[in-house]
Amino acid sequence: MSILVVGSVAFDSIKTPFGEVDDVLGGSACYFSTSASFFTDVSLVAVIGDDFPQEHIDFLSSREIDLAGLQRSAGKTFRWKGRYDYDLNEAHTLETHLNVFETFKPEIPAAYRDAEYVFLANIDPELQLDVLSQVKNPKLVACDTMNFWISGKREKLIRTLEDVDILVINEAEVRQLAEEPNLVKAAEIVRGFGPRILVVKRGEYGVLMFGEGSIFSAPAYPLDEVFDPTGAGDTFAGGFIGYLAATRNLDEHNLRKAIVFGTVMASFTVEKFSLERLKEIDYNDISDRYKKIKLLTDFADLD
Ligand code: AMP
């Protein structure tokens, strides 16, 4: 079953302790759709400027991502500049240039309007709401956001969350959104805004999923080298929602499996800059790491 995703398509400039790149392909929707495309069909809604090269379009097409909703406008593509210190869990935003996103009006192609699975990747919550107003009756709406929008567009974001089933968000951002330092309490507050499931991304410490009366914890895949964490969260969400859409099953057991698939996908992204590592892998690499995570967390019963 296909997923409709709206989010950013970007040029990222990134500095980590291990290297530096300028204007590489990034953006929440790019990472998400590439990751999800290993599991199911994806239709991408976003805007690019007239500086966006054909090479990147060819790559997204090679993943069979439907680009009918990718608009090209006069002006520059969205740009993000960030830096990481030795604590790779924390991205320091140096510059955000919305560029063509400032005037972007999402137009959902008619064929996408009855999408059953919708992912509102990290983007202006007003655009997320606009997309939701154009889809008919989705079975599942999931959403991501970041500190930039929590502090800049809090009211709109909280309004968007009323219509969201699953929120996928960083640990520090849950605390910021809930205005509550304790994570368990913060999760309950945020669930009270709308999402019945809250997935908290904790970088190298893994993921916590909060549902009605249940908490699930998955570790990150242990890597001996993490090169650049940019895109890990969106890649995680792509694997998570991609697996849910492919299996069409939202029960607790399947949600847990989906969390592990998301974790596996994110573990590839962080091994290289941009989407370079995702360009190299195939489904065998994914299932291999999935089995390794299963072994990592396997332990005997007490009896
Ligand atoms: P993450 O998965 O959280 O590491 O997301 C990284 C991606 O988010 C980068 O490729 C950026 O281009 C993109 N990004 C950064 N800031 C924003 C923003 N304010 N709105 C939308 N996308 C953003």
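Rule-based calculations on the coordinates, nothing more; no lab input. Worth saying up front: this structure is predicted, and the values here are computed from it rather than measured. When we count neighbours, we look across all protein chains shown, and the Cβ atoms used for this are built from the backbone with ideal geometry, even at glycine.
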field: Share, in percent, of DSSP beta bridges within region 145-259 that are antiparallel, nearest 5
entry: 65
- prompt: How much FRET efficiency would the formula 1/(1 + (r/R0)^6) give for residue 301 and residue 247, where r is the Cβ-Cβ distance and R0 is 35 Å, rounded to 0.05?
  reply: 0.80
message: Looking at region 1-126, I'd like the Rg to Rh ratio, where Rg is from alpha-carbon atoms and Rh is Kirkwood's inverse mean 1/r.
response: 0.98
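Going by average Cβ neighbours within 10 Å, how do the peptides 294-303, 136-145, 114-123 rank, with the highest at the top?
Listed from highest to lowest mean packing, they are 114-123, 136-145, 294-303.
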- line: In the neighbourhood of residue 214 defined by beta carbon distances under 13 Å, the net charge of the other residues (Lys, Arg +1; Asp, Glu -1) is -1
- prompt: Summing -39500 (n - 2.57) over the DSSP H runs of n ≥ 4 in the chain and dividing by its residue number, what mean residue ellipticity at 222 nm do you reach, to the nearest 500 deg cm²/dmol?
  reply: -10500 deg cm²/dmol
Residue-by-residue Karplus 3J(HN,Hα) for region 38-45, coefficients 6.51, -1.76, 1.60, Hz, glycine and proline x: 6, 10, 7, 7, 9, 10, 9, 10
message: For the pair residue 280/residue 205, report the inter-label distance in nm, with labels modelled 7 Å from Cα in the Cβ direction.
response: 3.0
task: Considering Cα pairs under 8 angstrom that are at least six residues apart, work out the relative contact order of region 3-296 and quote it in whole percent.
output: 17
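Report the antiparallel proportion of the DSSP beta bridges in region 3-296 as a percent, rounded to a multiple of 5.
40
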- request: Quickly work out the residue 93-to-residue 72 label distance, labels modelled 7 Å from Cα along the C-beta direction, and quote it in nm with one decimal.
  value: 2.8
task: Kindly state, to the nearest 0.05, the FRET efficiency for residue 110 paired with residue 287, given R0 = 45 Å and r defined as their beta-carbon distance.
output: 0.80
- request: Specify the inter-centroid distance of region 142-170 and region 18-41, based on alpha-carbon positions, in whole Å.
  value: 21
message: Rounded to whole Å, give me the distance from the Cα center of region 87-106 to that of region 252-303.
response: 27
message: Can you tally the net charge around residue 170? Count Lys and Arg as +1, Asp and Glu as -1, for every other residue whose Cβ sits under 10 Å from the Cβ of residue 170.
response: -1
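Stokes-Einstein at 25 °C, 0.890 mPa s, Kirkwood radius from Cα pairs: D for the chain in µm² s⁻¹?
Translational D for this selection: 128 µm²/s.
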message: So if I take the alpha carbon set of region 89-133, get Rg, then get Rh from the Kirkwood formula, what is the Rg over Rh ratio?
response: 1.06
- prompt: Among 150-158, 267-275, what's the highest-first ranking by average C-beta atoms within 10 angstrom per residue?
  reply: 267-275, 150-158
